[in-house]
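**Student:** Let me begin by handing over the structure; questions about it come next.
The values are calculated or read from the model by the stated rules, or taken from the named source; none is laboratory data. All figures in this text were calculated on a predicted structure; none of them were measured in a lab. Ideal geometry is used to build each Cβ from the backbone, glycine not excepted, and the neighbour counts take in all protein chains shown.
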Protein chains: 2
Amino acid sequence: MSHTSVPTPTPRETQKARTRCALLDAGLRLLENQSLSSLGLREITRVVGMAPAAFYRHFRDLSDLGVALVEESLGSLHAVVREILEVPDDEAARIERTVETIARYVREHPTHVRFVARERHGGVPAVRAAIGAELDRFADEVAEALAADEVSAGWSAEDMRMLAELYVDHVVMTASAFLDAALGEGPDEESVARTARRQLMLISTGRRYWREG
Amino acid sequence: MSHTSVPTPTPRETQKARTRCALLDAGLRLLENQSLSSLGLREITRVVGMAPAAFYRHFRDLSDLGVALVEESLGSLHAVVREILEVPDDEAARIERTVETIARYVREHPTHVRFVARERHGGVPAVRAAIGAELDRFADEVAEALAADEVSAGWSAEDMRMLAELYVDHVVMTASAFLDAALGEGPDEESVARTARRQLMLISTGRRYWREG
DNA sequence: CGTCCCGGCGAACACCTGTTTACTGAATGA
DNA sequence: TCATTCAGTAAACAGGTGTTCGCCGGGACG
């Protein structure tokens, strides 16, 4: 297609990327049952089956691996968010679609979701910051998309922002609840979905009658 | 007052309680910069200034100390919650009072708040469960108190519950945001308060027009 | 008074940790 | 073809860890 600088990844590079990915996978797997700050470098290399020193060929730190996992977990989600928000829809249908999308994402990537939920307030500052920045970006995108709705006429930028943050936080809470449901803790998935739908409905109602109540 | 069974705490017991409290304090202090699963038993005893083996005289585990910290952090809050909710008020005033109470609590007990926020989805199952149970109790109390409002006429128990959970989750998020503000990360305290007030106003609006929107 | 209880101590146990060092050997590129 | 690059190795380093043991000494109590 385009003869621009796509330098044909040499076999060596692909192999390096392969083991780097293996490290990330092993890390994510171990993080199902512990938090990043208690994860050991040797633990990971042992699972992958290589010498501890080789870890440094790919990451400086464990927190370095952590922020890489943040990208992997949240990076691919921006497209999904835009897709959900850009389709002009009946409001109820949009909520339904949103909740279903969250449920599916949690079902398909439970370890990533667990990682983000756990490390969002976890003990590793760099990872916390990376997650916070990514969630901020989500809030920006949501605010921008919501501003296009006719319901948002007359809303200040600050109000749009606070609404977007409310939505983003709610999505994170819902994802975490879905995760608990998938593991048998707490209510089952359908209950979580129903609660989430109603909460979103309630917020939407508040949004519609804002400044008039 | 009452000559019931209050067995006059013997000097030995008070001393034991004293060092137990010292262990809890030291743990909480260390948990400012790390998570529970990475906290070392020896770290704590070193801070307190006693032999590692003495730890077992007070706690079986580190997770045991963790659930004790959960009680200490959240146990005293139920009275506060009831107090806020039981005063019949103008709605705006109630919101104002709620946000101010959260801000004050975070200011006065930052380490406890940080601990709860961090371990709520953290790596120690027992502590996670303890926090979850306590937050469930809060949701129960909020639901019960809100049901007394005239706005709640015709609300099903399930709807009350989903509203209460929305409030509780929002309070936790707000407390965490206040904490970030206190540490210079993110927006300052006044911005957090304004956002929180508006979000609560929006939810209240949604509540007022529920089932009519 | 004498006995028991029990919180705290110090030492030792076996094990695991992150990091550095010098090295190998295959893919690389002139 | 030959020199170079570099992902991965093995070994050693200096620490740290949780847990167990027997012992001490002062409050508790019959």
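**Student:** Any residue at all in region A:15-37 that is within 16 Å of DNA strand D (Cβ to nearest atom), within 14 Å of chain B (Cβ to nearest Cβ), free of Cβ contacts under 8 Å to residues at least 12 places away in the same chain and crowded, with 19+ Cβ neighbours inside 10 Å?
**Tutor:** no
**Student:** Residue check, B:Ala51 against (1) within 16 Å of DNA strand D (Cβ to nearest atom); (2) within 14 Å of another protein chain (Cβ to nearest Cβ); (3) touching a Ser or Thr at 6+ places or on another chain (Cβ under 7 Å), all met but one. Which one?
**Tutor:** The number of the failed condition is (2).
**Student:** So, one more: I need the full set of residues from region B:183-213 which are farther than 30 Å from B:Asn33 by Cβ, more than 7 Å from chain A (Cβ to nearest Cβ) and in a loop (DSSP other than H, G, I, E, B), in order please.
**Tutor:** B:Arg211, B:Glu212, listed by residue number.
**Student:** Within region A:157-171, track down each residue that is under 14 Å from the mean Cα position of the chain (by Cα) and within 9 Å of chain B (Cβ to nearest Cβ).
**Tutor:** Scanning region A:157-171 gives A:Asp169, A:His170.
**Student:** I've got another one for you. Going through region A:41-53 one residue at a time, which ones are touching a Lys or Arg at 6+ places or on another chain (Cβ under 9 Å) and within 7 Å of DNA strand C (Cβ to nearest atom)?
**Tutor:** Hit for region A:41-53 is A:Pro52, nothing else.
**Student:** If you take the residues of region B:107-126 that are over 13 Å from the mean Cα position of the chain (by Cα) and among the hydrophobic types (A, V, I, L, M, F, W, C), which of them is farthest from B:Ala79 (Cα to Cα)?
**Tutor:** In this case the residue turns out to be B:Val124.
**Student:** Identify, please: which residue in region B:118-152 is more than 22 Å from B:Glu83 (Cα to Cα) and aliphatic (A, V, I, L, M) and is, among those, surrounded by the most Cβ atoms within 10 Å (Cβ to Cβ)?
**Tutor:** Per the criteria, the residue is B:Val127.
**Student:** For B:Pro88, work out the one condition from (1) part of a helix (DSSP H, G or I); (2) exposed (fewer than 11 other Cβ atoms within 10 Å of the Cβ) it doesn't fulfil.
**Tutor:** So the condition that B:Pro88 fails would be (1).
**Student:** Pairs only if they're at least six apart or on different chains, beta carbon under 6 angstrom, first in region B:50-62 and assigned to a helix (DSSP H, G or I) and modelled with pLDDT of 95 or more, second among the β-branched types (Val, Ile, Thr) and more than 6 Å from DNA strand C (Cβ to nearest atom); list them, first residue then second.
**Tutor:** From residues that are assigned to a helix (DSSP H, G or I) and modelled with pLDDT of 95 or more, the pairs are B:Pro52/B:Thr45; B:Phe55/B:Thr45.
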